[in-house]
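S.K.: Take this structure, written in structure tokens, and hold onto it; I'll ask about it next.
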Amino acid sequence: MSSRAHDVVVTPPDVAGDDRRVARLLSALAEAPDYASAASFLLNEVSTLAGGVTAALLRFMPAHESLVFVDQVGMRGDEARQFPEALEDRSHPVMVSALALTPVVRNSSRVARVGRFGPIHAWTALPMPQPHYRGAPALMPDAHAASIIEQAGARLVPLKDRAFNTAPGGVVLVGAILDDVVVRDLADITMMAGSILARIASLEWWKDQGDRLNRERDRLTLMVDSLPDAVVITNAANDIIAQNRRAEHLLAFGEDDSSGRRRAVETNNLFFTSFLSRAAMVGSGMRSGEARELNLVDPDEGSDLLFEVLAHPLGERVGPEDAVLSVLRDVTDLRRASHELERQVQRVRQAEVKAAGERDRLNLILENVADPILVTDNASKIILMNEQAERLFELTEQAAPRRHEQAVRGNDTHFTTFISDFLLSNDRSTQARMTLTDHRTNSMLPVEVVAGKIMNERGEPIAVVSALHDLRQQVENERLYEELKRLNLDLEDRIRAATAHLEDQNAQLLWQAHEVEKANRLKSEFLASMSHELRTPINAIVGYAALLLEGMFGKLSDRQRDPLDRTRAAADHLRALIDDILDLAKIEAGKMQFVLEELALSEVVKEASQQMEQMIRRKSLSYTVDIAKGVPTILSDRVKLKQILLNLLSNAMKFTTRGGVSVVVRQHAMGVRIDVNDTGIGIRPEHLSVIWEDFRQVDQSRTREFGGTGLGLSITRKLVERLGGTISVESIVGVGTTFTVMLPIEAPAQIIADGDATTAQA
């Protein structure tokens, strides 16, 4: 039935005339098993008495003072879902009906939207009361209620009287406009049924509370039964009121238990009752939480058990008057361990007395020896020494100078290191020389240490006894002998040096002249050969690559064009590199041409990285580029800067066989900083200054592993310096090398002033 079909007044059959039906309805309602069943039954009966129209039941929730949807009849599923979960608006006509306990009729034809409730447009609200409770809202007067609902197109149907001492309980919403007589008759039924529904809801609540308490009781019982300690509650007569499972094991027996167990349990009850009686006799002497000891018998094994009893009065709020909670904690093993510990302590004290006597006898012997004697344990810690040793290893003054403290600490370090090494060896005895410091005279004291191990019955060293013999006189004699020998040798060396000095100078001059001639010849040969042998094939590569890219031999795909582009770019750069090598003399003479332009380092690094891709893939190295945000553009020469990067990258990859190469670019106080890092073989410290020389490599042999002309780093440094920057290197052999290039934001103006550079026009 559509809700819009109820916009007309419906006159159902006579309701009040069937008193027996009403009586049966209320009787059946009172026998409903739960609130939901009672609400459904009441809705069906009201809907039938109203002529079979749709109806819904809303329950008033005191906690939030809102109406909550409970059930409906005569509606489709989609219509029922249109009901709001709760209605809290106190000005809504349905809420006014519940708060005033007065029926309300609403005609949807008067006001289109105000007062509509869910899918029902025209409706009649029949209130339901419930017994008054603390904090219940006061009933709304009819006059006030009428003024609120008037603007919603609703009106009141006043009742003759309302039940005394009641509160809002809910509303039965009928989807039709009923006659006032029928409204009053149905309202009488809902007013009587409301109290019944409230009682059923109250019974359900109390049943839920009882179930919850039972669950809590079962949970607490399980927790108490799981305790390893016995828990007992007794009354004033010392009768056991309650006990957990552990207590039942000690103080209760079953019909099937043996006679021995019965006697043990009876004995335990006798001991426990006697304990409680003594506690009651002393009165305040048994304070809350005070522990007392109680001896019981294990009912299963018959052994003695010792318990620590913690008693606590419960009070009337927890249990019967004068009830006492007793917790019996088994301390049998603890007491046994305590007795064993006392015996162990007694034996240790006896051993200490014996050891003290032995120590006194040993001290007497040590004090009468002239040399320093020390005894150390197996941890190299000095545990005993005589007076002579104390002068070297202890400070006799309380406020000793710092140098005295340092001398004593140094002596201790030298000696304990010697003892530690001796303990790690398999020798039973050893002797060695060491030099200590006499802090009294601040002089060096050479000594010979003779040490021997003291072994236990298992052959393990437990101590080391060391004697120190003074070697100052012997060392002085050896020093004088060595000094005389050195003077004789020095005199002979001077004679030989004077004779060979002129010969060495002549040989050095001849060698230098030979090296200069050799260097010039190598340079000339290199430049001559490189000029012809490398230019010719590279020019051919560049020319044919250009013809292919221009389509002279047929159209190229994008996949073919990309490697040709890279081939041409690499050949162009190689040709430029050869030109630069040939112009090495121009660099030294200050005639090198520079083209300055605004550069973004990211672009230059990218171009250099692309040309190195083939070498990276061939050597299976990792390669990373890290350019920080905010790195400024610089005014420099693109070709020269790219040549610098390619020289450093190729050098890094040539000497790197594992790991990888990385380029890091950061802003610096003087401009920008470029780091080229590798994990290659590294460079020895003595070779760090050699790598910058022309035609020079670390390995100059003809069978060297890595090839090259020896000009790369030399040209790189010259180019960096001409651009106003600096280059440095840090290297660890076997770890890797880092070349750092520092460039200014603008190349120095002197390049332009000397006529070596031009500024590129945008």
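S.K.: Could you size up the charge dipole of segment 116-193 around its Cα centre, putting +1 on the beta carbon of Lys and Arg and -1 on that of Asp and Glu, and report it in debye to the nearest 20?
M.R.: 240
S.K.: For L178, list long-range residues whose amide hydrogen, built 1.01 Å from N in the peptide plane, is under 5 Å from its own amide hydrogen.
M.R.: V10
S.K.: Right, something else. Check which residues have an amide H placed less than 5 Å from V661's amide H, if you skip close sequence neighbours.
M.R.: S622, Y623, T624
S.K.: Here's another thing I want to ask about it. Can you give the FRET efficiency to the nearest 0.05 for T499 and E730, using r as the Cβ-Cβ distance and R₀ = 56 Å?
M.R.: 0.80
S.K.: Related question: Just check segment 410-473 against the gyration tensor rule for me: Cα atoms, a ≥ b ≥ c as the square roots of the eigenvalues, rounded for a/c under 1.5, and otherwise prolate or oblate depending on whether a/b exceeds b/c.
M.R.: It comes out prolate by the Cα gyration axes.
S.K.: Local charge sum around T273 (other residues, Cβ-Cβ under 11 Å, Lys/Arg +1, Asp/Glu -1)?
M.R.: -1
S.K.: Oh, and also: Shape call for segment 626-676 from the C-alpha gyration tensor, a ≥ b ≥ c root eigenvalues: rounded (a/c under 1.5), prolate (a/b greater than b/c) or oblate?
M.R.: Here segment 626-676 falls in the oblate category.
S.K.: On to the next question. Considering only the other residues whose Cβ falls under 15 Å of the Cβ of Y623, what net charge follows from Lys and Arg at +1 and Asp and Glu at -1?
M.R.: Net charge in that neighbourhood comes out at +1.
S.K.: Among L250, A236, S202, which residue has its Cα positioned farthest towards the positive end of the charge dipole of segment 197-283, with +1 placed on the Cβ of Lys and Arg, -1 on the Cβ of Asp and Glu, and the dipole taken about the Cα centre?
M.R.: Value computed over the given set: A236.
S.K.: Volume per residue, Å³, of the convex hull around the alpha-carbon atoms of segment 391-506?
M.R.: 189
S.K.: Between D71 and residues 5 or more places away or on another chain, which pairs have amide H atoms under 5 Å apart, with H built 1.01 Å from N, and which residues are they?
M.R.: Here the answer is L57, since their amide H atoms fall under 5 Å of that of D71.
S.K.: Could you tell me, in Å, what Rg and Dmax come out for the Cα atoms of segment 179-268?
M.R.: 26.7, 87
S.K.: Could you calculate the FRET efficiency of E478 with L334 from 1/(1 + (r/R0)^6), where r is the beta carbon distance between them and R0 is 56 Å, rounded to 0.05?
M.R.: Here the calculated transfer efficiency is 0.20.
S.K.: Work through the residues other than L222 whose Cβ is under 12 Å from its Cβ and net out their charges, Lys, Arg +1 and Asp, Glu -1.
M.R.: +1
S.K.: Using 0.36 nm per residue, how much length does the chain from R20 to D225 gain when fully extended, once their Cα-Cα distance is taken away?
M.R.: Difference between extended and current length: 68.0 nm.
A short reminder: the numbers here are calculations on the coordinates, not readings from a lab. The structure displayed is predicted, hence computed values, not measured ones. We place every Cβ from the backbone using ideal geometry, glycine too, and count neighbours over all the protein chains shown.
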